[in-house]
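Encoded as structure tokens, the structure appears first; notes follow it.
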There are 2 protein chains.
Amino acid sequence: MARDADRTRKRLLEAAGVEFSALGIAGARVDRIAEAAGCNKAMIYAYFGNKDQLFDAVFSAHVATFLDEVPFDAPDLPGYAGRLFDRYEDHPDTLRLATWYRLERPRGASLQAVVSSNQGKLEKLEHAQREGVLPGHYTPVELLTLVLSISTAWASMTPELGVNAPADRDRRRHTVVDAVRRLLADGESASAPPVTLSGASS
Amino acid sequence: MARDADRTRKRLLEAAGVEFSALGIAGARVDRIAEAAGCNKAMIYAYFGNKDQLFDAVFSAHVATFLDEVPFDAPDLPGYAGRLFDRYEDHPDTLRLATWYRLERPRGASLQAVVSSNQGKLEKLEHAQREGVLPGHYTPVELLTLVLSISTAWASMTPELGVNAPADRDRRRHTVVDAVRRLLADGESASAPPVTLSGASS
DNA sequence: TCGTGTCAACTGACCGGTTGGTTGGGAGTA
DNA sequence: TACTCCCAACCAACCGGTCAGTTGACACGA
């Protein structure tokens, strides 16, 4: 076990991923992370600054891997949703980290990688719509929001409901893919208010 | 300001709701809750036992109000989704508390009120399907999961995506209602695997 | 009306343990 | 020697939880 800064950094990142995913930022304990990584607590501060920055490093790494492993596919949104589902099933940590991030992170500080990634997705969606590959009854943001939401439907479900007939994985996956497919089906769906913004009312 | 146990309990519950909703269980501070409620920290332990039980009390109260204010309507799922959306928009705290609950309480202790409520919903869905009011291409659990997921689509969206064209509230509401409506549209959507469970595969 | 006893409601101060964060020095390597 | 990597030990602040003691309302007897 020779000295290796990179290796230590990586082990720390890995242990932190487990800890943060399970307990969140406020619930995570740096001592536990250091112990799980088989090194001293001081290493965290030497390599990552502090607890918050360690979380950022962990989350950024997970996001990068995630974006890399699940490439966006505007023309085939049902397929994309299915691949998102698979990824969430195989790596539940990523979604948990994202949820902690959304809940615990103070407003404002967004990950640039995510912002630009979303921007690219929206542009591709708009392009696909102009080409007629995708229907136009939803705007790109609406489309993306619905797809992401449906993909995580099973993963972000309340545990009380999860007990009831969770079905097997294949069936759950099919539900996700099928739902997105139905969302894209042609045909007006009753009255549709203007897309452009209007005065708000209850 | 006479002494009033019920009033104190209520103020504690309210202050705790704000604190827990914002910081979660691990992030919440009992001193802060007591101070916000204008009473002593010891009252929390006298009335609720401990921090965790205080959270349970807060969450149960929120859930009870929620279930009361948004009655289930199996024959009109799009309308139900719309009302869920409204509730989440008007009271973001409830969803945040539910998310904290899901993340920070991994053990099996489920809220009986939620379990039985879900049971009732599933039965109503099944009944509506047998009556032909609802299509049968999704099982009751699948239906409920999708509806709940879509209703919270905007509320549980990543902040990075939220920046991009969040649209006005009416439009967002319409998107939710419309999406559920499309899910219920008749017609087979390509190949459908059996509903009954089969051997798992990747 | 006054004095007194009683008890729930409430409080200030404290405790044991924990937490994020720091530091001085030692081991390994070139 | 000089430089990097690493850690045991330490610290100040903080946190959940407890407890002995105080306060206020009210019933009751005279």
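The values are calculated or read from the model by the stated rules, or taken from the named source; none is laboratory data. Worth saying up front: this structure is predicted, and the values here are computed from it rather than measured. Glycine gets a Cβ as well: all are built from the backbone with ideal geometry, and neighbour counts include every protein chain shown. Just so you know, the surface numbers come from the protein's heavy atoms only, side chains and all, with ligands and any DNA or RNA stripped out. Shrake-Rupley method; radii C 1.70, N 1.55, O 1.52, S 1.80 Å.
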> Average partner chain C-beta neighbours within 10 Å, per residue of B:96-103?
Replying inline: 4
> Structure shown: which of B:K10/B:K41; B:K51/B:K121; A:K10/A:K41 lie over 25 Å apart, alpha-carbon to alpha-carbon?
Replying inline: B:K51/B:K121
> Between copies, how close do the A:A46 label points come, placed 7 Å along Cα→Cβ, listed in nm from shortest?
Replying inline: 5.1
>> Using the Cα centre of the stretch B:7-57 as the reference point, and only Cβ charges (+1 on K/R, -1 on D/E), how large is the resulting charge dipole? Debye, rounded to the nearest 20.
In response: 180 debye
>> As I understand it, the dipole of chain B uses +1 on the Cβ of Lys and Arg and -1 on the Cβ of Asp and Glu, about the Cα centre. Which of B:L125, B:A153, B:V18 lies farthest toward its positive end?
In response: B:V18
> Considering only the label points, 7 Å along Cα→Cβ from Cα, what distances in nm to one decimal separate A:D68 from the same position in each other copy, shortest first?
Replying inline: 5.2
> Under the Kirkwood approximation applied to all pairs of distinct alpha-carbon atoms, what is the hydrodynamic radius of the protein assembly as shown in Å?
Replying inline: 23.0 Å
>> If I take R0 = 60 Å and measure r between the Cβ atoms of B:K41 and A:R130 in this structure, what FRET efficiency does the formula 1/(1 + (r/R0)^6) give, to the nearest 0.05?
In response: 0.50
>> Based on alpha-carbon atoms only, what is the radius of gyration of the stretch A:70-186 relative to the globular estimate 2.2 N^0.38 Å?
In response: 1.13
>> Please report, ordered by residue number, every helix of chain B (full DSSP H runs) that is 15 Å or longer along its axis going by C-alpha atoms and whose mean Kyte-Doolittle hydropathy reaches 1.0.
In response: B:140-151
> Averaged over peptide A:147-157, how many Cβ atoms belonging to another chain are found within 10 Å of each residue's Cβ?
Replying inline: 5
>> Per DSSP helix of 4 or more residues, -39500 (n - 2.57); summed, then divided by the residues of the protein assembly as shown. What does that give at 222 nm, rounded to the nearest 500?
In response: -21500 deg cm²/dmol
> For chains B and A related by rotation, which residue of B has the Cβ nearest the axis, and what is the rounded distance in Å?
Replying inline: B:A26, 2
> Label-to-label distances across copies for A:D93, with labels 7 Å out along Cα→Cβ, in nm, shortest first?
Replying inline: 3.5
>> Please compute the average number of Cβ atoms from other chains found within 10 Å of each residue's Cβ in peptide B:132-140.
In response: 2
> When the accessible area of chain A is split by element with a 1.4 Å probe, what percent falls to carbon and sulfur?
Replying inline: 53 percent
>> I'd like to check one number: the per residue accessible area of the stretch B:1-146, probe 1.4 Å, reported in Å² as a whole number.
In response: 49 Å²
> For B:N50 and B:D90, what does the FRET efficiency come to when R0 = 35 Å and r is the distance between their Cβ atoms, rounded to the nearest 0.05?
Replying inline: 0.70
> In the full protein assembly as shown, how much of A:K124 is accessible to a 1.4 Å probe, in Å² to the nearest 10?
Replying inline: 110 Å²
> Dipole size in debye (nearest 20) for chain B around its Cα centre, Lys and Arg Cβ +1, Asp and Glu Cβ -1?
Replying inline: 600 debye
>> Need one number: buried accessible surface between chains B and A, 1.4 Å probe, both sides summed, DNA, RNA and ligands left out, in Å² to 100.
In response: 5700 Å²
> So for the protein assembly as shown, taking the charge dipole from beta-carbon charges (+1 Lys/Arg, -1 Asp/Glu), which of B:Y45, B:V115, B:A179 sits furthest toward the positive end?
Replying inline: B:Y45
